[in-house]
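In what follows, a structure is listed as structure tokens, so that the remarks can point back to it.
All of the numbers you see were taken from the coordinates with simple rules; none came from a lab. Because the structure is a prediction, the values reported are computed rather than measured. Every residue, glycine among them, receives a Cβ derived from its backbone with ideal geometry; neighbour counts consider all protein chains shown.
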Amino acid sequence: MENYEELIKDLELTGSNIEELKEIRETVKRNSDANKDLDTIMFELKENIKNITSKFYNGENNFGIKYMTGFTSSIYIPSFDSSGEIKILLNGGETSRVSNKIEVNKDTLFDTASITKLFTLILVFKLEELGLINLNDKIKDLDPSFSGMEDFTFNDLIRLHGEILTVGNITLAHNEKEAYQILKTAYLKNNTRETNKYTDFGAIIIGKTIEHILSKKYNKDVTLEELMQKYIFSESNMNNTLFNPKGLNISGNGGYDTLVHDPKARILGGAVGSAGIFTTSDDLNKLAKNLYSVNYINPKLINKEHLDRLGEVTFKDGREPQKGNLGIYVKHPLGYEKTFTPSLFSTGSFSHQGWTGSVALFDPNNLIHHNFLTNAIYKTDNKDEIRADKPIGFGNAWDIYEKEIIKNIMIMMITKKYFNLYKDREVNINDEIKIK
């Protein structure tokens with residue numbers, strides 16, 4: 001048990017919640033006292049994860065409504081040495097509330113909604129590193145059509161400064177052209193830099209400004225979709241990640257055929273900085289590994305300084321202290337009551353969650369990634385049963401599920417390190433688990 005204690009102490013030093021570590025310590029101690037071997041421990045953990053996930057997937061609220069009709073989820077602990085990797089994919093259900101004919105599989109594309117903002121932030125940092133943009137430049141100087149942004153810069157929008165409004169409602173526009181005309185009226189109701197307020201408009205304006213800058217630079221139309229493909233999707237071999245997908249194996253968008261669920265993104269053409277990306281659990285694994293690689297090899301995506309900004313607490317006492325740059329969820333003392341980033345994760349960890357219910361979590365220090373992509377959206381006006389387009393109780397059910405899943409993931413990570421460091425055992429797991 002002594003060696004296990006050293007690993008648990010390391011977690012305390014990197015920011016894991018001490019009270020939550022007590023329960024993990026007890027489980028690890030029982031495994032140690034029973035002299036369980038690696039295969040036995042990992043089998044039991046996988047069974048725990050399977051059962052916890054099955055309970056969530058098959059769960060119903062008080063009105064007898066299932067929380068979701070389909071999902072895919074991944075637990076990924078990558079390796080940059082000889083310790084081996086852990087990759088567990090879980091999936092179940094059907095892809096669409098409309099047809100319900102295609103079973104979810106590893107290639108099912110899910111509408112990630114606001115998780116798109118994480119990609120936008122990574123792209124902005126990458127373009128800055130390449131010298132193609134300067135985050136301190138004023139938006140209206142780069143694109144005069146956004147004159148209502150006053151003296152706000154990329155960094156102001158990234159940090160969620162001020163309060164942005166438009167003259168008119170974009171979602172009520174009759175077509176894409178009219179929607180963009182409304183977007184150009186964006187102005188600052190409040191231009192304070194002393195606090196933050198979550199909004200979609202900042203990410204949308206960032207995306208459109210980047211398109212404008214690079215179109216002008218290369219003397220041709222350059223789209224956000226092309227930039228994402230070149231600098232993130234291709235670099236990370238995310239072959240199943242894109243905007244506006246075609247085909248039938250699509251989920252999480254509430255049954256809007258292949259269209260993004262988010263109404264602003266939909267009327268603006270489906271490819272904006274705030275929402276629109278469809279992806280798979282395994283492609284998010286690839287994103288995580290490429291982000292984490294900065295500590296070990298030359299980074300393909302962003303440098304260490306920018307990786308740290310993904311987990312940065314921007315306004316500790318702000319209006320939304322759990323929201324960091326571009327709305328990324330950072331750690332919060334009140335845990336899941338305020339954030340999606342587990343308090344068992346290290347300081348500097350981050351997550352993002354979309355309106356569709358999907359979540360992606362990242363711990364760059366412990367090399368942990370977990371995502372849960374889901375088809376939880378209902379198209380209904382029954383407010384007595386549905387809230388935020390999802391079954392009432394979905395959020396609470398998610399919190400219960402995630403607390404148990406993270407506990408098992410942390411035990412799995414500690415076990416992996418223990419057997420690698422002290423038993424000279426590689427840990428290689430690559431399993432796909434079907435949930436019924």
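Magnitude of the charge dipole for region 1-44, about its Cα centre and with charges confined to Cβ atoms of Lys, Arg (+1) and Asp, Glu (-1), is about 60 debye. Here region 266-385 is assigned +1 on the Cβ of each Lys and Arg and -1 on the Cβ of each Asp and Glu. Its dipole about the Cα centre then comes out at about 260 debye. Among residues other than GLU235 whose Cβ falls under 10 Å from its Cβ, what is the net charge (Lys/Arg +1, Asp/Glu -1)? Taking every Cβ under 10 Å from that of GLU235, the sum is +4.
For the chain, the longest principal axis of the Cα atoms and the long axis of helix 116-129 meet at an angle of about 80 degrees. Couplings 3J(HN,Hα) for region 217-225, derived from phi with the Karplus relation 6.51 cos²θ - 1.76 cosθ + 1.60 (θ = phi - 60°), are 5, 9, 6, 7, 5, 10, 9, 4, 4 Hz, where x marks Gly and Pro.
Taking the Cα centre of the chain as origin and assigning +1 to Lys and Arg Cβ atoms and -1 to Asp and Glu Cβ atoms, the resulting dipole is close to 600 debye.
Under 5 Å between amide hydrogens, built in the peptide plane, is the criterion, and for ARG387 it picks out ILE392 among residues at least 5 positions away or on other chains.
Couplings for region 276-291, taken from phi via the Karplus curve 6.51 cos²θ - 1.76 cosθ + 1.60 with θ = phi - 60°, read x, 6, 9, 8, 10, 4, 5, 5, 5, 4, 5, 4, 4, 5, 5, 5 Hz in order; Gly and Pro are left as x. Each peptide in 87-94, 285-292 gets a packing score, the mean of other Cβ atoms within 10 Å over its residues, and the list from highest to lowest is 285-292, 87-94. Quick one: check the C-alpha center-to-center distance for region 97-139 versus region 6-25, whole angstrom. When both Cα centres are located, 32 Å separates them. Of the listed pairs LYS140/LYS189; LYS50/LYS338; LYS230/LYS300; LYS50/LYS403, which have alpha-carbon separations greater than 20 Å here? With Cα atoms farther than 20 Å apart: LYS50/LYS338.
Ordering TYR378, SER343, ASN105 by the projection of their Cα atoms onto the charge dipole of the chain, which places +1 on the Cβ of Lys and Arg and -1 on the Cβ of Asp and Glu, puts TYR378 at the extreme positive end. The packing ranking, built from the mean of other Cβ atoms within 10 Å per residue, places the peptides 102-110, 221-229 in the order 102-110, 221-229, highest first.
Near ILE429, the amide H atoms lying under 5 Å from its own belong to GLU85, ILE86, LYS87; only residues 5 or more places off or on other chains count, and H is placed 1.01 Å from N. With a cut-off of 14 Å between beta carbons, the residues surrounding ASN295 carry a summed charge of -1, where Lys and Arg count +1 and Asp and Glu -1.
Under the shape rule built on the C-alpha gyration tensor, where the axes satisfy a ≥ b ≥ c, region 154-229 is oblate, since a/c reaches at least 1.5 while a/b does not exceed b/c.
In terms of the mean number of neighbouring beta-carbon atoms within 10 Å, the peptides 272-281, 315-324 order highest first as 272-281, 315-324. Under the rule a/c < 1.5 gives rounded, and otherwise a/b versus b/c splits prolate from oblate, where does the chain land using the Cα gyration tensor? Verdict is prolate for the chain.
For the chain, the mean residue ellipticity at 222 nm estimated from helices alone is -11000 deg cm²/dmol, where every DSSP H run of n ≥ 4 contributes -39500 (n - 2.57) and the total is divided by all residues, rounded to the nearest 500. With contacts taken as Cα pairs under 8 Å at a separation of at least 6 residues, region 150-259 carries a relative contact order of 21 percent.
Rg and Dmax of region 310-375, both derived from C-alpha coordinates alone, stand at 11.1, 34 Å.
Derived from the Cα gyration tensor, the three semi-axes of the equivalent ellipsoid of region 219-276 are 21, 15, 9 Å, largest first.
For ILE377, the amide hydrogen comes within under 5 Å of the amide hydrogens of GLY254, counting only partners 5 or more places away or on other chains and with H modelled in the peptide plane.
Relative contact order, whole percent, for the chain stands at 25, derived from Cα pairs under 8 Å and 6 or more residues apart. Measuring r between the beta carbons of ILE18 and SER234 and using R0 = 56 Å, the FRET efficiency lands at 0.85.
Once C-alpha pairs closer than 8 Å and six or more residues apart are averaged by separation and normalised to the residue number of region 322-436, the relative contact order reads 13 percent.
Straight-line reach from LYS304: taking Cα to Cα under 14 Å and skipping same-chain neighbours fewer than 8 places apart, the aspartates and glutamates in range are GLU128, GLU129, GLU312, ASP363.
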